[in-house]
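Here the structure is laid out as structure tokens; the discussion comes afterwards.
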Amino acid sequence: MTGHAAIDSIDILVILLYLVATGYLGWLGWKGTKSASDFLLAGRGAHPVIMAISYGATFISTSAIVGFGGVAGLFGMSLLWLTFLNIGVGIFIAFAVLGEPTRRIGHHLGAHTFPELLGLRYQSKGIQVFSGALIFLFMPLYIAAVMTGGSVFAASQFGVDFEVALLIFSLITAAYVIPGGLKAVMYTDTLQGIIMILGMLFLLWFTYDSLGGVIQAHQTLTSMANMVPKPLQEMGHQGWTAMPEFGWGAKNYELWWTVVTAIILGVGIGVLAQPQLIVRFMTVRSRRELDRAVPTGALFIILMTGTPFVVGSLSNAWFMQNGPLLHGKMVKQISAEQNRAVIHVMKEASPGRWEAVMNPKTGKPSLAPVAVAERQPAVDAKGQPFEKVSGRSIAVVYAKGQADEIIPTYITSALPRWFGLLFFLTLLSAAMSTMSSQFHTLGTAAGRDLWEQLIGKPADGQPSLKVVRLAIVAGLLVSVTLAYTVRDEYVIARFTAIFFGLCAATFMPAYIGGLFSRRVTRPGAVASMLVGFFVSLFWLLFIKSREAGAIGLVKAVTGGKSSLVEDVLNWPSVDPIVIALPLSLLTLALVSAVTRPPDTAHLARCFPEKPL
Amino acid sequence: MLGIEDPLIWLAYLACLAAAAVSVGYGIAQRNRAPDTLTREDRTWAKEEKKVENEL
């Protein structure tokens, strides 16, 4: 599938205008009073709508739109459970349950970063340093996911190579974050959020409209269950409007464990322990502001994640009805009634002579399920006559087997070119608003939580500015390198899920326990964080076959296996969060129960509203 | 329902809409319920936060 024509001068002009507008708002914020703390200092809060959109724009990135949207294109609408968790957990529980305690305790203790909040709550410099180190080391995975999402789309939209798009994306990012885009300027985030809203609304409307309305579109997709490719069927894929097959101990349950544990739970619950989101609660004026932000936050998130998950799934129906014709030799009939078949894809090598298109991964002829449009006599490369079957296929076929390419391929194929440009700005907005907070968190983790805790604050009182800048440049380089080297199927969603899962297992019990319980102790928190982190790491390196196999350590240990339990289905598909988070929670409870409670003076500082 | 046969999928679809509706309802119901006071501690925190931001 080819993308749009190469970038032209109007594209460049619109992108430049967007960047100038963003830069101008950022500059206004820089010199004016438009960051969250400025609002607080001015004695008032940011408008709840602005606060919610700003939070949402930080929450949602190209990872959700391109990465998880592509996963929905591959696996279907079961991902809507992730949208449900994004709203129910990521907005409702986060704002209504965790927001106020986080704000209060952060202000009581004078914490300004998430590691500092944990460190001060548990009176442990070690906890602060460990948390800062984890963020500094692993945040680049998530940044790489965001960058890959933007670059994959830019490459498809403007017809350039992925590497070129990544380079340009990195340069824009560097220009944005290094000189000062790190300041959490709410109006910039809001502009970006509004562009995201417009882009998503149009995308959703266009997709349903072009497929005949909501119910008709869903029915068409439901009727396509028999077009699921065989390898996905064997994993338990039952169609794009059906949950994967559930069970334990057989290959056909693999997809359920992947989708539910890694994608839905890992990211859906993991959001509660995202450092760049947690610090936002501390910049809020009051509980009332948090409550008022819930509606906008929920509507923003349903639009930002629900749309790509629905559109990603429905792109299969659009391609089956409107995609370019594929040609080939019939391998087997899927349904005579629906006139669907699996073909060996062929191309016209020379006029009138057709030859097989080989799958670069398997070295065998490429297979594609198609809705047959026509059948004609033709001649193959050896001069043998055959019946040429032509038809339209599903999204992942047009995306060349890469889930990450599904949304970009759909946008460039189905939507008008002007929308591609708007969508690019949508993605650029989503990426910039998320990355500014990612780099902010990474920079403060390196400077405030690592350097200043280990080496000390310089005598002149100036912060470790060079350290922060160096950390940001290093983070940027590592992220770009990861995005450049790891180009596997649905890598965007996987990188995101790894970071979210790691943060959840390591931080969540200690963070939530520290907000609500006086009985959790420092040893309990330390043990819980260590268990959460090392169990997750062990699982990623030795058990979860997709990650462990790619990293390769387990292969060296076992002589070629991709998991220590490769033969014990379905353990290699289970995400670490399912194991590490309960263990981390249990450790917090057990160790806290048998260790001395924190001293009452400290507890009185943490919870002055509730004296003992 | 909604052209989708699997109850777990249409339920997810409706659950998303319901979660958004509950969130909107919550926000409206709680609109003025919680206190909205800015303490000296909040101001001190904001001043320090401003310093941290500027240091970046």
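Looking at B:ALA19 and the list (1) facing chain A (nearest Cβ under 7 Å); (2) under 25 Å from the mean Cα position of the chain (by Cα); (3) within 22 Å of A:PRO101 (Cα to Cα), which single condition is not satisfied?
So the condition that B:ALA19 fails would be (3).
Among (1) without any contact (Cβ under 8 Å) to a residue 60 or more places away in the chain; (2) hydrophobic (A, V, I, L, M, F, W, C); (3) under 28 Å from A:GLN123 (Cα atoms), where does A:PHE500 come up short?
For A:PHE500, the failing item is (1).
Hey, can you tell me all the residues within the stretch A:562-606 that are more than 35 Å from the chain's Cα centre (by Cα) and not in a helix (DSSP H, G or I)?
Result: A:THR595, A:ARG596, A:PRO597, A:PRO598, A:ASP599.
So B:GLU49 clears everything in (1) closer than 25 Å to A:ILE215 by Cβ; (2) at the interface with chain A (Cβ under 7 Å from one of its Cβ atoms); (3) surrounded by 17 or more Cβ atoms within 10 Å (Cβ to Cβ) except one condition, right? Which one?
Checking B:GLU49 against (1) closer than 25 Å to A:ILE215 by Cβ; (2) at the interface with chain A (Cβ under 7 Å from one of its Cβ atoms); (3) surrounded by 17 or more Cβ atoms within 10 Å (Cβ to Cβ), the one that fails is (1).
Give all pairs with beta carbons closer than 8 Å in which a residue from the stretch A:273-294 that is farther than 26 Å from A:ALA445 by Cβ meets a residue that is modelled with pLDDT of 90 or more and hydroxyl-bearing (Ser, Thr, Tyr); count only pairs at least 6 apart in sequence or on separate chains.
Within 8 Å, the pairs are A:ASP291/B:TYR26; A:VAL294/B:SER23; A:VAL294/B:TYR26.
Is it true that some residue in the stretch A:417-440 is out of contact with any strand residue (DSSP E or B) (no Cβ under 7 Å at 6 or more places or on another chain), hydrophobic (A, V, I, L, M, F, W, C) and at pLDDT 90 or above?
Scanning the stretch A:417-440, I find no residue that is out of contact with any strand residue (DSSP E or B) (no Cβ under 7 Å at 6 or more places or on another chain), hydrophobic (A, V, I, L, M, F, W, C) and at pLDDT 90 or above, so the answer is no.
Applying the selection to the stretch A:345-370, what residues are assigned to a strand (DSSP E or B), out of contact with any helix residue (DSSP H, G or I) (no Cβ under 7 Å at 6 or more places or on another chain) and crowded, with 17+ Cβ neighbours inside 10 Å?
A:VAL345, A:MET346, A:TRP354, A:ALA356, A:PRO365, A:LEU367, A:VAL370
Conditions: (1) within 14 Å of chain B (Cβ to nearest Cβ); (2) under 23 Å from A:ALA72 (Cβ atoms). A:SER286 meets all but one. Number of the miss?
Unmet for A:SER286, out of (1) within 14 Å of chain B (Cβ to nearest Cβ); (2) under 23 Å from A:ALA72 (Cβ atoms): (2).
Of all helices (runs of 4 or more DSSP H) completely enclosed by the stretch A:238-322, which ones contain at least 2 residues that are modelled with pLDDT of 95 or more and closer than 30 Å to A:ALA368 by Cα?
Answer list for the stretch A:238-322: A:254-257, A:307-322.
Quick check on my filter: what residues within the stretch A:371-404 are in a strand (DSSP E or B) and free of Cβ contacts under 8 Å to residues at least 60 places away in the same chain?
Across the stretch A:371-404, the qualifying residues are A:VAL372, A:ALA373, A:GLU374, A:ARG375, A:GLN376, A:PRO377, A:ALA378, A:VAL379, A:ASP380, A:PRO385, A:PHE386, A:GLU387.
Condition check ((1) in the same structural domain as A:ARG292 (by TED's automatic domain parsing); (2) among the aliphatic types (A, V, I, L, M); (3) modelled with pLDDT of 95 or more) across all residues:
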position: A:ALA52; (1), (2), (3): yes, yes, no
position: A:VAL89; (1), (2), (3): yes, yes, yes
position: A:GLY119; (1), (2), (3): yes, no, yes
position: A:SER124; (1), (2), (3): yes, no, yes
position: A:PHE130; (1), (2), (3): yes, no, yes
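With the requirement that a residue be buried (at least 24 other Cβ atoms within 10 Å of the Cβ) and either without any contact (Cβ under 8 Å) to a residue 60 or more places away in the chain or more than 9 Å from chain B (Cβ to nearest Cβ) (or both), what does the stretch A:296-306 give you?
A:PHE300, A:MET304
Given the criteria in contact with a Leu (Cβ under 7 Å, 6 or more places away or on another chain), outside any helix (DSSP H, G or I), surrounded by 15 or more Cβ atoms within 10 Å (Cβ to Cβ) and of a type in the set (Val, Ile, Thr), does A:VAL520 qualify?
Yes; evaluated as a whole, the condition is true for this residue.
Would you tally the residues in the stretch A:211-252 being more than 14 Å from every other protein chain (Cβ to nearest Cβ), touching a residue at least 60 places away in the same chain (Cβ under 8 Å) and either crowded, with 16+ Cβ neighbours inside 10 Å or within 24 Å of the chain's Cα centre (by Cα) (or both)?
Selection size over the stretch A:211-252: 3.
This table checks each residue for (1) in contact with a helix residue (DSSP H, G or I) (Cβ under 6 Å, 6 or more places away or on another chain); (2) closer than 30 Å to A:GLU100 by Cβ; (3) assigned by TED's automatic domain parsing to the domain that holds A:GLY266; (4) not in a helix (DSSP H, G or I).
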site	(1), (2), (3), (4)
A:ALA483	yes, no, yes, no
A:ARG487	no, no, yes, yes
A:ALA510	yes, yes, no, no
A:LEU515	yes, yes, no, no
A:VAL531	yes, yes, no, no
A:GLU547	yes, no, no, no
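Among the helices (runs of 4 or more DSSP H) confined wholly to the stretch A:48-160, which include 2 or more residues that are of a type in the set (Gly, Ala, Ser) and away from chain B (no Cβ under 14 Å)?
Working: elements: A:48-59, A:69-75, A:80-87, A:100-109, A:114-121, A:125-158.
Output list reads A:48-59, A:69-75, A:125-158.
What are the pairs with Cβ atoms under 9 angstrom where one residue, in the stretch A:142-162, is under 19 Å from A:ILE15 (Cα atoms) and the other, located anywhere, is part of a helix (DSSP H, G or I) and basic (Lys, Arg)? Sequence gap at least six, or different chains.
A:GLN157/A:ARG417
The values are calculated or read from the model by the stated rules, or taken from the named source; none is laboratory data. Computed from a predicted structure; not experimentally measured. For neighbour counting, all protein chains shown are included, and Cβ atoms are generated from backbone atoms with ideal geometry for every residue, glycine included.
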